[in-house]
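Inspection log for the structure reproduced underneath, given as structure tokens.
Each reported figure results from applying straightforward, stated rules to the coordinates on display, with no laboratory input. Since this is a predicted model, take the numbers as computed values, not measurements. When we count neighbours, we look across all protein chains shown, and the Cβ atoms used for this are built from the backbone with ideal geometry, even at glycine.
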Amino acid sequence: MTATYATSFDSPVGTVHLVGRDGSLVGLYLDESRHPGPVEPDEGRLDDARTQVEQYFAGERTDFDLDLAPTGTPFQLAVWEALRTVGYGRTASYVDIARAIGRPTASRAVGAANGRNPISLIVPCHRVIGASGQLVGYGWGVDRKRWLLDHERQVLTRH
């Protein structure tokens, strides 16, 4: 059986919980109740992921270079992969993501998959907005979503 390991640290939007398995990141959560248990201490295995997330919050990183291994259905995996194409400081609608995966009428299903994203922030579900341009739904709360989007836009204006 494969060990699952985790670490947690503080960030500007609350405590970040990183979860790894077999050398890959399988979860990034801002709510401890959502990550899988039981887990072992990471013993340094998540140091690179932690460093990259801390660099993101410090405005020093706009892209992540980590091995990711989210678990989901083929549809969810397609949505999560499409989310990774939404550029730093940019947004896309649920309809945009549905079109990107070749399922133009599946925007509600895209929303559901977005809400089940196990590697938030790195798989940037916070960059998905409503078709009207409104900030709608975010598993960690609209205030956090707004903070993340504002943070990215401020970093871009500094560079």
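Quick check: residue separation of residue 75 and residue 3 times 0.36 nm, minus the Cα distance between them. What number comes out in nm? Write down the numbers at each step before the final one.
Details: separation 72, 0.36 × 72 = 25.92 nm, distance 2.64 nm.
Gain on extension, residue 75 to residue 3, equals 23.3 nm.
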Along principal axes, largest first, the alpha-carbon spread of segment 74-158 in whole Å comes out as 36, 24, 21
Quick shape summary for the chain, equivalent ellipsoid via Cα gyration tensor, semi-axes whole Å in descending order, reads 25, 20, 13
Subtracting the Cα-Cα distance of residue 147 and residue 22 from 0.36 nm times their residue separation yields 41.8 nm
Cβ-Cβ cut-off under 11 Å around residue 64, Lys and Arg +1, Asp and Glu -1: the net charge is -2
Under the helix-only model (-39500 (n - 2.57) for each DSSP H run of 4 or more, divided by the residues of the chain), the mean residue ellipticity at 222 nm, to 500 deg cm²/dmol, is -10000 deg cm²/dmol
Per the C-alpha gyration tensor (a ≥ b ≥ c, the square roots of its eigenvalues), segment 4-57 is rounded if a/c is under 1.5, else prolate if a/b beats b/c, else oblate; here it's oblate
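Suppose every Lys and Arg Cβ carries +1 and every Asp and Glu Cβ carries -1, with no other charges. What dipole size does segment 40-159 come out with about its Cα centre, to the nearest 20 debye?
It works out to roughly 780 debye.
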Length gained, residue 47-residue 67, 0.36 nm per residue minus C-alpha separation, equals 5.9 nm
Toy charge model, Lys and Arg Cβ at +1, Asp and Glu Cβ at -1: segment 4-57 dipole around Cα centroid in debye, rounded to 20, equals 160 debye
The chain: antiparallel bridges as % of DSSP beta bridges, rounded to 5, reads 70 percent
Counting only DSSP loop positions in segment 1-96, the trypsin sites (Lys or Arg not before Pro) whose Cβ has at most 16 other Cβ atoms within 10 Å are 61, 84, 90
Protection proxy (average C-beta count within 10 Å per residue), highest first, orders 25-31, 132-138 as 25-31, 132-138
Percent relative contact order for segment 63-128, counting Cα pairs under 8 Å at least six residues apart, stands at 40 percent
